[in-house]
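One structure below.
The values are calculated or read from the model by the stated rules, or taken from the named source; none is laboratory data. All of these numbers come straight from a predicted model, not from anything done at the bench. Here the Cβ positions follow ideal geometry from the backbone for every residue, glycine too, while neighbour counts run over all protein chains shown. Heads up: the accessible areas ignore ligands, DNA and RNA and are worked out on the full protein's heavy atoms, side chains in. Shrake-Rupley method; radii C 1.70, N 1.55, O 1.52, S 1.80 Å.
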Amino acid sequence: MIQRLRDMSPEEASKLLSRSGEGPSLRDWHRVQTFFQTGSVGIESLEPSTLRYDEVQRDVYTSTMAAEKDSLRATDRSLRADAHQQSRPTLREGSTVALTAAAAEGGTALISAVFAKRREGKRLNEFTEQDWLDIAGETGLGFGKGGVRGLSIYALTNFTATSAAVASSIVTASFGIAEQANKLRRNEIDELEFIEISELLALEAAVRALSASVGQAAIPIPILGAVIGNTVGIVMYKAVASSLRKREAALIERYLDEQRALDEQLATEYQGILQKLDQSMSDYLGLLERAFSPDVQVALVGSVELAVALGVASEEILDAEEKIDAYFLD
């Protein structure tokens with residue numbers, strides 16, 4: 001109807017529209033023309049209402065708004081339930097994570113094993129059968145550890161409130177301490193050595209947690225970033241611990257300190273953003289609650305506040321009796 005009145009010429013309006021009676025009148029035509037000529041809203045911005053005319057009358061609009069609120073809540077619950085269902089962990093996804101982590105750590109173990117042999121002064125064409133067996137063993141062990149690590153991190157991050165970086169360090173410490181406990185049971189080490197090695201493993205786990213955090217930030221792929229960062233970080237740590245001079249060790253230490261400070265800064269900023277988001281959402285929900293209040297006066301004030309919060313121009317907000325009379329009666 002609005003579209004038809006807007007497109008109607010003055011001659012057609014004077015012929016087809018009545019000045020009184022049922023249906024659109026000439027006065028309605030003048031109002032529509034004035035609205036689109038002086039206002040900033042185009043015809044393409046208008047959409048038909050989903051409510052009938054009798055549902056928004058003075059005596060029934062409260063119940064209509066209540067029904068609409070219930071419908072919105074039901075839709076919200078349904079969308080949340082669907083999102084939760086889609087984000088649930090699956091066996092297929094867990095298998096993919098395990099294989100990816102195994103490939104990443106196995107490949108790193110292969111490169112590290114070859115590099116270790118090269119450091120002994122051997123060229124690739126000089127590797128013996130035993131050398132290749134040793135490399136294959138290291139690679140297989142890395143592949144197995146990577147698969148277990150990836151699957152464990154996936155389980156911890158999906159079934160417990162644990163971040164990927166912390167989960168990676170937990171798995172690392174568990175691997176190392178379990179191995180040392182097995183040696184202690186076989187009397188290959190004594191209790192003092194077990195405690196000392198466990199302390200070193202805890203330090204290594206801390207390095208892994210830090211490098212996993214950096215890897216997760218640099219590679220924003222769930223779990224994979226933590227696994228790659230964990231692997232790269234521990235390789236750097238072992239290199240520093242075994243062969244690098246003080247200058248290189250200081251450089252790596254400074255890099256780790258910078259990454260740690262960056263991680264703390266990002267964590268603080270992230271928490272601040274979450275708090276701002278929570279406050280904004282709380283304010284917005286409060287405005288909605290007042291705008292749809294059964295109390296007419298509260299609803300009017302809430303509607304004005306909601307319009308101001310959404311950036312509606314002040315001259316278009318019906319916040320005074322004169323504006324209300326002008327909008328509905330003129």
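A few points about this structure:
- Filtering Gln279, Gln259 for residues that are under 36 Å from the mean Cα position of the chain (by Cα), of a type outside the set (Val, Ile, Thr), at pLDDT 75 or above and under 30 Å from Ala67 (Cα atoms) leaves a single hit, Gln279.
- Tallying residues that are touching a residue at least 12 places away in the same chain (Cβ under 8 Å) and basic (Lys, Arg) within the range 97-118 yields 1.
- In the range 91-114, the residue that is surrounded by the most Cβ atoms within 10 Å (Cβ to Cβ) out of those that are of a type in the set (A, V, I, L, M) and closer than 15 Å to Ala155 by Cα is Ala101.
- Contacts under 9 angstrom Cβ, first residue in the range 2-18 being among the basic types (Lys, Arg), partner open to solvent by 90 Å² or more (accessible area, probe 1.4 Å), 6 or more apart: Arg6/Phe35
- Residue within the range 122-132 that is modelled with pLDDT under 85, more than 28 Å from Phe194 (Cα to Cα) and of a type in the set (A, V, I, L, M, F, W, C) present: yes
- Boolean, Ser198 is open to solvent by less than 90 Å² (accessible area, probe 1.4 Å), among the polar types (S, T, N, Q) and either farther than 30 Å from Ala101 by Cα or at pLDDT 70 or above (or both): yes
- Qualifying residue in the range 65-78 (condition: in a loop (DSSP other than H, G, I, E, B), on the phi < 0 side of the Ramachandran plot and either loosely packed, with under 15 Cβ neighbours inside 10 Å or not acidic (Asp, Glu) (or both)): no
- Cβ-Cβ contacts under 7 Å between residues 6 or more apart (or on different chains), taken from a first residue in the range 241-266 that is open to solvent by 70 Å² or more (accessible area, probe 1.4 Å) to a second residue that is modelled with pLDDT of 75 or more, are absent.
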